[in-house]
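Chemist: Below are the structure tokens for one structure; questions will follow.
The values are calculated or read from the model by the stated rules, or taken from the named source; none is laboratory data. Keep in mind the model is a prediction, meaning the values are calculated, not measured. Every residue, glycine as well, gets a Cβ built from its backbone with ideal geometry; the counts of neighbours run over all protein chains shown.
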Amino acid sequence: MPAYNQKDKLEGCVNAVQRSLMDAGISSFEIIIAEDGSHDGSFEEAQRLWRKYPFVKVSHANRKTGRGSAVCRGFTEANGELVAYIDADQATETSHLPALLDAARKTGIATGSRYLKASAASRGVRRLLFSRIFNWLVRVMLDSRVSDHQCGFKAFRRGVAKDLCARTKERHWLWDTEIIVLAQRQGLVVSEIPVVWCEQGNTTVRLKNDVWEMFWGIVRLRQRL
């Protein structure tokens, strides 16, 4: 669970993930809170949860390193056969986690998709338009066959995650897209599963800044890859 200034959301997400896994009969798991240099007390809250729950671990960075770096740091410290990440705001319903893990076990990598017919996604018009254009550009310019690259809900076999993390260069939001593109270029089939997703009003995505960063990021990825 990558966490930057998410103090008030951590325990709710921990409980939701635990409930989803236990309901699916998955009793052997760990939840790693990859705290990323927060200044709102998220690290202290993560430590409190570590003391409270035996399955919680904390990975801490003294400064903000970026979403991709936080996720990969958590993956490096994970012990499981399968690794996954979910945003602390639970924009994606955690009930889909068992299906995500099952898909990753079969193909090596799986992602939630807000654009499958069975999915239900609620978001503002501006973000929806931007997301559709962004995903279309990734498919055209980077030859991807995935419908939704930026959903913060992905799972991997641990060896696949370790290899892909070693190859990624992006450290912020574009990491989600880069790792999917890299996986496909290595011949992996990226499984997509339908999800219920709801935009969170206090998301840390800064639309104006991140839009330009992501569009130029597509160009940067194309040049590099």
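Chemist: If I filter the stretch 34-45 for residues that are in a helix (DSSP H, G or I) and farther than 26 Å from E170 by Cα, do I get at least one hit?
Modeler: yes
Residue by residue, here is whether (1) assigned to a helix (DSSP H, G or I); (2) at pLDDT 95 or above; (3) closer than 14 Å to G152 by Cβ holds:
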residue	(1), (2), (3)
R51	yes, yes, no
R73	yes, yes, no
A88	no, no, yes
A99	yes, yes, no
K106	yes, yes, no
T111	no, yes, yes
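Chemist: Is it the case that the stretch 132-146 has a residue that's modelled with pLDDT of 95 or more and in contact with a Phe, Trp or Tyr (Cβ under 6 Å, 6 or more places away or on another chain)?
Modeler: No; the residues of the stretch 132-146 include none that is modelled with pLDDT of 95 or more and in contact with a Phe, Trp or Tyr (Cβ under 6 Å, 6 or more places away or on another chain).
Chemist: Let me ask something additional. Would you be able to tell me the number of residues in the stretch 77-94 that are at negative phi, polar (S, T, N, Q) and under 15 Å from the mean Cα position of the chain (by Cα)?
Modeler: Of the residues in the stretch 77-94, 2 are at negative phi, polar (S, T, N, Q) and under 15 Å from the mean Cα position of the chain (by Cα).
Chemist: Still on this structure, I have one more. Of the numbered conditions (1) touching a residue at least 24 places away in the same chain (Cβ under 8 Å); (2) closer than 26 Å to L225 by Cβ, N135 satisfies every one except a single condition; which is it?
Modeler: For N135, the failing item is (1).
Chemist: Is it the case that A84 is buried (at least 19 other Cβ atoms within 10 Å of the Cβ), in contact with a His (Cβ under 9 Å, 6 or more places away or on another chain) and assigned to a strand (DSSP E or B)? Lay out the reasoning, then the answer.
Modeler: Details: buried (at least 19 other Cβ atoms within 10 Å of the Cβ): yes; in contact with a His (Cβ under 9 Å, 6 or more places away or on another chain): no; assigned to a strand (DSSP E or B): yes.
Answer is no for this residue.
Chemist: Does any residue of the stretch 16-25 turn out to be touching a His at 6+ places or on another chain (Cβ under 9 Å), outside any helix (DSSP H, G or I), under 19 Å from K154 (Cα atoms) and not aliphatic (A, V, I, L, M)?
Modeler: Within the stretch 16-25 (the criterion being touching a His at 6+ places or on another chain (Cβ under 9 Å), outside any helix (DSSP H, G or I), under 19 Å from K154 (Cα atoms) and not aliphatic (A, V, I, L, M)), the answer is no, since none of the residues qualifies.
Chemist: Regarding I193, is this residue outside any helix (DSSP H, G or I), out of contact with any Lys or Arg (no Cβ under 7 Å at 6 or more places or on another chain), modelled with pLDDT of 95 or more and β-branched (V, I, T)?
Modeler: So I193 passes the test.
Chemist: Let me ask another. Considering only the stretch 56-77, state which residues are crowded, with 21+ Cβ neighbours inside 10 Å and under 21 Å from Q186 (Cβ atoms).
Modeler: Within the stretch 56-77, G68, V71, C72, F75 meet the criteria.
Chemist: Starting from the stretch 1-30, take each residue that is on the phi > 0 side of the Ramachandran plot and list its partners that are charged (D, E, K, R) and at pLDDT 95 or above, counting only C-beta distances under 6 angstrom and pairs at least six apart or across chains.
Modeler: Close Cβ pairs satisfying both conditions: N5/D40.
Chemist: Restricting to the stretch 121-144, and then to whatever is within 13 Å of C198 (Cα to Cα) and not aliphatic (A, V, I, L, M), can you tell me which residue is surrounded by the most Cβ atoms within 10 Å (Cβ to Cβ)?
Modeler: So the residue we want is R123.
Chemist: For the stretch 46-65: of the residues being in contact (Cβ under 8 Å) with a residue 40 or more places away in the chain and out of contact with any Phe, Trp or Tyr (no Cβ under 7 Å at 6 or more places or on another chain), which is farthest from L174 (Cα to Cα)? First the steps, then the outcome.
Modeler: Within the stretch 46-65, the first condition is being in contact (Cβ under 8 Å) with a residue 40 or more places away in the chain, and the residues that meet it are 46, 56, 64-65.
After this cut, where a residue has to be out of contact with any Phe, Trp or Tyr (no Cβ under 7 Å at 6 or more places or on another chain) as well, the list is 46, 65.
Working: A46: 26, T65: 13 Å.
So, considering only residues that are in contact (Cβ under 8 Å) with a residue 40 or more places away in the chain and out of contact with any Phe, Trp or Tyr (no Cβ under 7 Å at 6 or more places or on another chain), the one farthest from L174 (Cα to Cα) is A46.
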